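The values are calculated or read from the model by the stated rules, or taken from the named source; none is laboratory data. Owing to the predicted nature of the structure, the values given are computational and were not obtained by experimental measurement. Positions of Cβ are backbone-derived with ideal geometry, glycine not excepted, and every protein chain shown enters the neighbour counts. The protein model used for the area step is the full one, side chains on, heavy atoms only, and it has no ligands, DNA or RNA in it. Shrake-Rupley method; radii C 1.70, N 1.55, O 1.52, S 1.80 Å.
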2 protein chains.
Amino acid sequence: MSDTKSSLKPAAGFSEAERDAVYKAIFNRRDVRDQFLPDPVAPGVLDRILTAAHHAPSVGFSQPWSFLLIRSIERRRQVHDLFTIANEEAADRFPDEQAKLYQSLKLEGILKAPLNICVTCDRTRGGKVVLGRTHNPEMDLYSTVCAVQNMWLAARAEGVGMGWVSIYKHDALRELLNIPDHVQIIAYLCVGHVEELYERPELEVKGWADRLAIEDIVHDEVWPADKPDK
Amino acid sequence: MSDTKSSLKPAAGFSEAERDAVYKAIFNRRDVRDQFLPDPVAPGVLDRILTAAHHAPSVGFSQPWSFLLIRSIERRRQVHDLFTIANEEAADRFPDEQAKLYQSLKLEGILKAPLNICVTCDRTRGGKVVLGRTHNPEMDLYSTVCAVQNMWLAARAEGVGMGWVSIYKHDALRELLNIPDHVQIIAYLCVGHVEELYERPELEVKGWADRLAIEDIVHDEVWPADKPDK
């Protein structure tokens, strides 16, 4: 611990070009479902994306994440079957006019993307007491989500698209991937190179929803009394 | 919807310099507790950071996040009181040798940072049925966490530090900030300019925990049979 102080280093803001590159990744990242090319993601590229994930913030530096790299077409077909079952159930929940649009949307790239990545959170990692989890035990789940967002931005910079599939039943996917009970599935990702992306979020382009005005979601000091509901 | 196809645009990977800038943000982002300068964050800078948050991915494009900007020193003192109560409870949970190190750590910059931001998730936003939430209802929480990670990386590029405080009781903070029951607190952030940062995560520098080897957390196809526990 003698090097504690010397580990503090000057930390200036980025150059304008560097800052623009960070914003370029943030604003041009897309949830990709259909634009995947069949080419495999090169090991060097994938290593950088996974290393970016592993440098996410984690509560108490617990690093609760793991990554299952799924390439087998047989296994991806099984995952796709799980998606199809859940998606039919989900479609039934929407009112008629929305259901039609819903069914026209492509919501996953499980088979088209050459690589799927299941990102998990080991709820026991870091021991029985984790710094920062005593009052907010869900913090390890949130750490793992930060890792997913790091991957997404790194992938965009690498010319690799990523899509997050959330239409499946946890227990069925857990069983298929041998995941033990103390490990929670956080994200099922489809990953592959892309040459084209939507300029704006696909669900915005296709008329599913509009972007909210930022002034409606930023407030001073406390929750506004005139906005009990949205 | 006639412009759906024309909204697809070429999406190449970034130049090497741009890619390096994205990784610079990812690898040099720190959870800041004590390096805050007192200078206010300029409105233009803050707007860019919040706009980055608002461009996070969200399940069904539901954009469930809101941001409370807390600058009042009285209110920050009240939040700090909530932290102090919870932190004393948390310290008691650690074994003796760890408790001593725990108590030596500074775990928040609530008063030192000029700006605190409470990030929330409105569980009702997007209506009764949200695309992608039927089988995984926690997806809106995860979307909000992605917004936090976008903020963190944008802040780093702007020379602004950010720290995530998770040591408080939800109900007490909710009451203090007038947050209604259908809105969940996701993150309480301390935000301010910084001139120095730790080279590596502070908890690693201070001997709290080591970084895991990446080969221990990346697996092929399924959860490894020889790793039921970590």
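Annotations for the structure displayed:
- When chains B and A come together, the accessible area they lose, probed at 1.4 Å and totalled over both chains, is close to 11200 Å².
- Other-chain or far-sequence residues with amide H under 5 Å of B:L197's (modelled H): A:K9, A:A11
- If both residues of a DSSP beta bridge must be in the range B:30-209, then about 95% of such bridges are antiparallel.
- Projecting the Cα positions of A:I117, B:V119, A:L46 onto the charge dipole of the protein assembly as shown (unit charges on Cβ atoms of Lys, Arg, Asp and Glu, taken about the Cα centre) puts A:L46 furthest along the positive direction.
- Helical runs assigned H by DSSP (4 residues or longer) give chain B a calculated mean residue ellipticity at 222 nm of -11000 deg cm²/dmol, each run adding -39500 (n - 2.57) before division by the residue total.
- Net charge of neighbours whose Cβ lies under 14 Å from the Cβ of A:L37, counting Lys and Arg as +1 and Asp and Glu as -1: -3
- Label-point spacing at A:K106 relative to the other copies reads 5.2 nm, in ascending order, each point sitting 7 Å out from Cα along Cα→Cβ.
- Kirkwood hydrodynamic radius over Cα pairs of the range B:30-209, then Stokes diffusion coefficient at 4 °C and 1.567 mPa s, in µm²/s: 75 µm²/s
- Net charge of Cβ neighbours under 14 Å - reference A:L82; Lys, Arg +1; Asp, Glu -1: -2
- With all protein chains in place and ligands, DNA and RNA left out, the 1.4 Å accessible area ranks B:V222, A:V119 as B:V222, A:V119, largest first.
- A simple charge model with +1 on the Cβ of Lys and Arg, -1 on the Cβ of Asp and Glu and nothing else charged puts the dipole of the range B:30-209 at about 460 debye relative to its Cα centre.
- Candidates A:P64, A:P95, A:P114, ranked by Gaussian network fluctuation over chain A, Cα under 10 Å, top entry: A:P95
- Backbone amide hydrogens, once placed in the peptide plane, bring B:A187 within less than 5 Å of B:V119, excluding anything fewer than 5 places away on its chain.
- Kirkwood Rh, angstrom, the range B:5-116 [1 / mean 1/r, Cα pairs]: 18.3 Å
- Karplus-based coupling profile of the range B:139-149, in residue order and whole Hz: 4, 5, 5, 5, 4, 5, 5, 4, 5, 4, 5, with θ = phi - 60° in 6.51 cos²θ - 1.76 cosθ + 1.60 and x standing for Gly or Pro.
- Remark on the range B:130-230: ratio of C-alpha radius of gyration to 2.2 N^0.38 Å is 1.43.
- For chain B, the carbon plus sulfur part of the accessible surface works out to 50%, probe radius 1.4 Å.
- Low-density loop cleavage sites - trypsin sites (Lys or Arg not before Pro) in the range B:62-119, where at most 15 other Cβ are within 10 Å (DSSP): B:R71, B:R93, B:K106
- The range A:30-209 - percent relative contact order, Cα under 8 Å, separation 6 or more: 40 percent
- With label points set 7 Å from Cα along Cα→Cβ, the inter-copy distances at B:N178 are 5.5 nm, sorted shortest first.
- For the range B:4-64, trypsin sites (Lys or Arg not before Pro) are listed when DSSP marks them as loop and at most 11 other Cβ atoms sit within 10 Å of their Cβ; the list is empty.
- Sorted shortest first, the distances from the B:P224 label point to those of the same residue in the other copies are 5.2 nm; each point sits 7 Å from Cα along Cα-to-Cβ.
- For the protein assembly as shown, diffusion coefficient by Stokes-Einstein and Kirkwood Rh (Cα), 4 °C, 1.567 mPa s, µm²/s: 58 µm²/s
- Over 26 Å apart at the Cα level, from the set A:K106/A:K169; A:K227/B:K112; A:K128/B:K100; A:K9/B:K24; B:K24/B:K100, are A:K227/B:K112; B:K24/B:K100.
- Cβ charges +1 (Lys, Arg) and -1 (Asp, Glu), total dipole of the range B:124-193, debye: 120 debye
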